[in-house]
Amino acid sequence: MRIIEAAQLTETVKRLCIKANRDLPEDVRECLRSCRSREPWPLARDTLDKIISNFELAAERQVPVCQDTGMACVFLEIGAEVHIEGDLYAAINEGVRQGYREGWLRKSVVADPLNRVNTADNTPAMVYIDIVPGDRLGVTVAPKGFGSENMSQIKMLRPSDGEAGIIDFVVSVVESAGSNPCPPIVAGVGIGGTFDKAALLAKKALLRPLGAENPLAYYRDLEKRLLEKINALGIGPQGFGGATTALAVAIETMPTHIAGLPCAVNINCHVTRHAREEL
């Protein structure tokens, strides 16, 4: 059994909160540059130029790439042979607290959804845990802004709705979102499981590198067709029109009930932020 001190987890989460908000992942950077080179609409190209300049300046000056530094979503892959010495959730929240304070990141969390009093330190984090084989601890911090989160939806489709129902729902979610989630977006799609699991699948799909395709040929093809249909909407970068409404569509699936076809769409803006370390 390998022991990892809670203090080490705190330090890692702190570091990742700052890094994720300042340095856009390289796969996202390259995808934005690639889309810019293919974009036929002049205003869309100019908008993408500004987006690219923004993330380059953020990295150079080590300031947040967006004013909405998000709610801290922390994904843990805990090896079955790992023991965390200390309070796991307290360690994560302390890391968020320190990261958002030391990184001068905006605190955006309210303690109660109706009373709306700010917690003043961006805690609590949203924590998702998977137990995996081995003696390693994977930590991913994905700050989630709510301009895009608010545009996300879930629908309990019927099995008879099938592929066509999935396509219609995903495209309609993006179309109704319009310019609100700061396109070009990344659409995470979760299909299967239960009401809650479909939403988690959609959120996890956003962690996939943009160049990584679905391992299953059927869903790989469906991702491509959805991306084409979404980009055909013409919403374009920041809603100014063009061929670049989405950078990618990522689908994750799992088994479901014979009577159900849950489908969730979790939208991310073009700053699809995440940073990962393995301990």
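Is the range 200-279 best put as rounded, prolate or oblate by its Cα gyration tensor, with a ≥ b ≥ c the root eigenvalues, rounded for a/c under 1.5, and otherwise prolate when a/b is larger than b/c, oblate when not? Because a/c hits 1.5 or more and a/b fails to exceed b/c, the range 200-279 counts as oblate.
Treating each Cα of the range 196-244 as an identical point scatterer and summing with the Debye formula, the log10 of I(q)/I(0) at q = 0.14, 0.21, 0.24, 0.26 Å⁻¹ comes to -0.48, -0.91, -1.00, -1.02.
Backbone N atoms of the range 22-36 closer than 12 Å to the 7 Å Cα→Cβ label point of D49 are not found in any residue. Between E56 and L88, the distance separating the two model label sites (each 7 Å from Cα on the Cα→Cβ line) works out to 4.3 nm. Restricting attention to the chain, close to 55% of DSSP beta bridges with both partner residues there are antiparallel. Bins of 5 Å, beginning at zero and ending with the bin holding the largest distance: percent of Cα pairs per bin for the range 1-126, please. Each 5 Å bin holds this share of Cα pairs: 2, 10, 16, 16, 14, 13, 11, 8, 5, 2, 1, 0. In this simple spin-label approximation, V127 and E81 carry label points 7 Å from Cα along the Cα→Cβ vector, and these lie 2.4 nm apart.
With R₀ set to 25 Å, the beta-carbon distance separating N180 from S160 gives a calculated FRET efficiency near 0.20.
Residue exposure proxy: L233, L261, ordered by other Cβ atoms within 10 angstrom of their Cβ from fewest to most, comes out as L233, L261. Our summary of shape: the Cα atoms of the range 144-279 have principal axis extents of 42, 42, 28 Å, ordered from largest down, in whole angstrom.
Pairwise Cα distances in the range 1-49 exceed 16 Å for 61 percent of all pairs. Kirkwood-type hydrodynamic radius, the range 104-212: 16.6 Å, calculated from all non-identical alpha-carbon pairs. The range 1-42 and the range 68-142 have their alpha-carbon centroids 15 Å apart. Each peptide in 239-245, 114-120, 253-259, 93-99 gets a packing score, the mean of other Cβ atoms within 10 Å over its residues, and the list from highest to lowest is 93-99, 239-245, 253-259, 114-120.
Rounded to a whole number, what is D in µm²/s for the range 60-148 from Stokes-Einstein with the Kirkwood radius over alpha-carbon pairs (20 °C, 1.002 mPa s)? Can you show the working numbers first?
Values: Rh = 14.3 Å.
Estimated diffusion coefficient is 150 µm²/s.
With the charge dipole of the range 79-236 set up from +1 on Lys and Arg Cβ and -1 on Asp and Glu Cβ about the Cα centre, the Cα lying farthest toward the positive end among the listed residues F195, S152, G99 is that of S152. The residues T12, T123, when put in order of fewest to most other Cβ atoms within 10 Å, stand as T123, T12.
Give me the number: length gained by fully extending R101 to T119, i.e. 0.36 nm times residue separation minus the C-alpha to C-alpha distance, one decimal in nm. It would help to have the intermediate numbers written out before the result.
On the way: separation 18, 0.36 × 18 = 6.48 nm, distance 1.25 nm.
Net length gain for the segment: 5.2 nm.
Panel values: the range 90-135, Kirkwood radius from alpha carbon pairs, Stokes-Einstein at 4 °C and 1.567 mPa s, translational diffusion coefficient 108 µm²/s. Of the Cα atoms belonging to the chain, the radius of gyration and Dmax stand at 18.9, 58 Å.
Report Rg/Rh for the range 159-222, rounded to two decimals, where Rg is the Cα radius of gyration and Rh the Kirkwood radius. The partial results should precede the final answer.
Details: Rg = 12.5 Å, Rh = 13.1 Å.
That ratio equals 0.96.
Summarising the label geometry, the points placed 7 Å from Cα in the beta-carbon direction at K197 and A232 lie 3.3 nm from one another.
No lab work stands behind these numbers, since they all come straight from the coordinates. Predicted model only: the values in this text are computed from it and were never measured. Note that each Cβ is placed from the backbone with ideal geometry, even for glycine, and that neighbours are counted across all protein chains shown.
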